[in-house]
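K.L.:
Have a look at this one.
The values are calculated or read from the model by the stated rules, or taken from the named source; none is laboratory data. Note that the structure is predicted; figures quoted are calculated from it, not measured. We place every Cβ from the backbone using ideal geometry, glycine too, and count neighbours over all the protein chains shown. To get the accessible areas, we keep the full protein, side chains included, count just its heavy atoms, and leave off ligands, DNA and RNA. Shrake-Rupley method; radii C 1.70, N 1.55, O 1.52, S 1.80 Å.
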Amino acid sequence: MRTDSSPGNLPAREHLPAGSAGTPVLDVVIPVYNEEKDLQPCVVRLHEHLKRTFPYAFRITVADNASTDTTPQVAARLESEIPEVRSFRLEQKGRGRALRTVWSASDAPILAYMDVDLSTDLNALLPLVAPLISGHSDLAIGSRLARSSRVVRGAKREFISRTYNLILRGSLQARFSDAQCGFKAIRRDVAQVLLPLIEDTGWFFDTEMLVLAERAGLRIHEVPVDWVDDPNSTVHIVKTATDDLKGVWRVGRALATGSLPLDRLARPFGDDPRDRDLTDVPRGLARQLVGFCVVGALSTLFYLLLYSGFRTFSGSQIANALALLVSAVANTAANRRLTFGVRGRGSAVRHQAQGLVVFGIGLALTSGSLAALNAATSSPAHSTELAVLIAANLAATVLRFLLFRAWVFPDRRDETAASTVVASHNPSSATYGTTTAAHQQHHQHPHPHQHQQHPHMPLPQRPNATAPQAPYINHDHNQTNEFRAGEAADRSWGDATMQLQAVRPDDHDPRDTRDAR
């Protein structure tokens, strides 16, 4: 499947319309481990800020990562005292595990998280989530490395942070500026498709999420933040850095081998409704040209080396045919994967067969050039032969790209549009599901006696004190909602109004001994 043009599972971004409903717009998760002293001041301060500045309904969720102190009791007390606060208990450690579990179970259209120390100035929270609400972006991150950011921290942590981000840029071609700032948000429809692709359950979770989102072409919004380092942080820097480097290697290898189905995250071309009606618009042409030129340069070098080797024991025509055959197979495989983004083994044999037809055309051009050279002179110099072959290959390259794009690896969006799986939203349950395009069309014309609902959930205003609580809320504030990391997958807890996303119940890493917050 072509990653640059596949409609994928995600629909075009839409602005979440304002309205009145009981479901919170924003769910801010605070992952904690043994934070009995900092938890209450953090939650109270965050709640007061949101109450004063955020214009829609919100929720604050405390995700307790198997704390051994009185953190669960503090979280339960906050839940009983503040209506917008909820508490979840996980029996395994890991910040990534906590975020994936709570985000997968949340019914809010915008999901965010921040560290319990509140190192980031809360004035950046509304600018963080606004592009997600408006439909402009898919993810949003706070950046301590932006020019307008104001950061107070020691030289050691500054050096480590900048070095790590340079490693990401050099190894994974990351373009976002700050991977580890504990201040991020994501649209729920994106999270439902993206979270199952993330393997890490610890501190590398953020980086893996951003790298996969960026490679899939999702839009990441960056917000400059004011940030003050917490001198009492319990993060184990050396172990965290080591595990992060292992994660960089794992993700880089997965991206190189094409084992990640990033086409699930593809957005349709143009989020403006006017753009969706356009037809015959070339897509990804610039990127394909760059990839084809790189592959072509490498395969030409490979071809010349092969030709020089075969020429030592055979004539020019035989050496040219053998070198062109071997390099053509390698060229087709490389263009299939790197230039046109076709992954998997499906149709690989057919593509190679079509590539051999293209090879035949190139062979005719190069062989004809050699024949013309031999007719012009009886014993041409080896350098002259190479010059003629290079000129002939340049002509064949242009024709090869056109044939590859139009015939071997054509854009098949129109053929697959009818059966493409897209994310849909049922406002009655405040959840997202998946449906085929045909099924979606069926629901657009319901039975005359059925009530037809708007396909997009309205953004609720903050409820007043007398407003009824949403079904998601546990009215017994004296009881902490507790579940293990796997319970969201088997639906052994929760509410009938929520459709939960699997979160890998057996993903505990016994080597993960870091503190998670």
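K.L.:
Which of the residues spanning the range 190-232 are open to solvent by 10 Å² or more (accessible area, probe 1.4 Å) and in a helix (DSSP H, G or I)?
P.N.:
192, 193, 196, 197, 214, 215
K.L.:
Considering each residue of the range 337-360, count those that are part of a loop (DSSP other than H, G, I, E, B) and open to solvent by 40 Å² or more (accessible area, probe 1.4 Å), and give that number.
P.N.:
Residues meeting the conditions: 5.
K.L.:
Right, here's the next one. Could you please find all residues in the range 96-138 being among the charged types (D, E, K, R) and surrounded by 21 or more Cβ atoms within 10 Å (Cβ to Cβ)? Steps first, answer last, please.
P.N.:
Here is the first cut: in the range 96-138, the ones among the charged types (D, E, K, R) are 97, 100, 107, 115, 117, 121, 138.
Hits for the range 96-138 are 97, 100, 107, 115, 138.
K.L.:
Go over the candidates 98, 130, 155 one by one and state the one that is small (Gly, Ala, Ser) and touching a residue at least 40 places away in the same chain (Cβ under 8 Å).
P.N.:
Of 98, 130, 155, the one residue that is small (Gly, Ala, Ser) and touching a residue at least 40 places away in the same chain (Cβ under 8 Å) is 98.
K.L.:
Right, here's the next one. Would you mention how many residues in the range 61-84 are aliphatic (A, V, I, L, M) and surrounded by 24 or more Cβ atoms within 10 Å (Cβ to Cβ)? So that I can check it myself, show each step before the final result.
P.N.:
Of the residues in the range 61-84, the ones aliphatic (A, V, I, L, M) are 62-63, 66, 74-76, 78, 82.
Narrowing the set further to residues that are surrounded by 24 or more Cβ atoms within 10 Å (Cβ to Cβ) leaves 62-63, 75.
Qualifying residue count, the range 61-84: 3.
K.L.:
How many of the residues making up the range 128-167 are within 19 Å of residue 190 (Cα to Cα) and in a helix (DSSP H, G or I)?
P.N.:
Residues flagged as within 19 Å of residue 190 (Cα to Cα) and in a helix (DSSP H, G or I) within the range 128-167 amount to 7.
K.L.:
Inspect all residues belonging to the range 178-189 and state whether any of them is in a loop (DSSP other than H, G, I, E, B), among the charged types (D, E, K, R) and open to solvent by less than 30 Å² (accessible area, probe 1.4 Å).
P.N.:
Yes; the residues of the range 178-189 include at least one that is in a loop (DSSP other than H, G, I, E, B), among the charged types (D, E, K, R) and open to solvent by less than 30 Å² (accessible area, probe 1.4 Å).
K.L.:
Within the range 366-390, how many residues are open to solvent by 40 Å² or more (accessible area, probe 1.4 Å) and not in a helix (DSSP H, G or I)?
P.N.:
4
K.L.:
Among (1) under 28 Å from residue 290 (Cα atoms); (2) open to solvent by 50 Å² or more (accessible area, probe 1.4 Å); (3) modelled with pLDDT under 85; (4) assigned to a helix (DSSP H, G or I), there is one condition residue 411 misses while meeting the rest; what is its number?
P.N.:
Residue 411 satisfies every listed condition except (4).
K.L.:
Now a separate question. Among all residue pairs at least 6 apart or on different chains, which show Cβ distances below 7 Å where the first residue, located in the range 242-261, is closer than 14 Å to residue 197 by Cα and the second is modelled with pLDDT of 80 or more and outside any helix (DSSP H, G or I)?
P.N.:
Close Cβ pairs satisfying both conditions: 247/200; 247/204; 254/260.
K.L.:
Related question: Mind telling me which of the residues 363, 402 ends up being under 33 Å from the mean Cα position of the chain (by Cα), over 29 Å from residue 260 (Cβ atoms), without any contact (Cβ under 8 Å) to a residue 60 or more places away in the chain and part of a helix (DSSP H, G or I)? Let's see the steps before the verdict.
P.N.:
On the way: 363 fails: under 33 Å from the mean Cα position of the chain (by Cα).
Sole residue among the options that is under 33 Å from the mean Cα position of the chain (by Cα), over 29 Å from residue 260 (Cβ atoms), without any contact (Cβ under 8 Å) to a residue 60 or more places away in the chain and part of a helix (DSSP H, G or I): 402.
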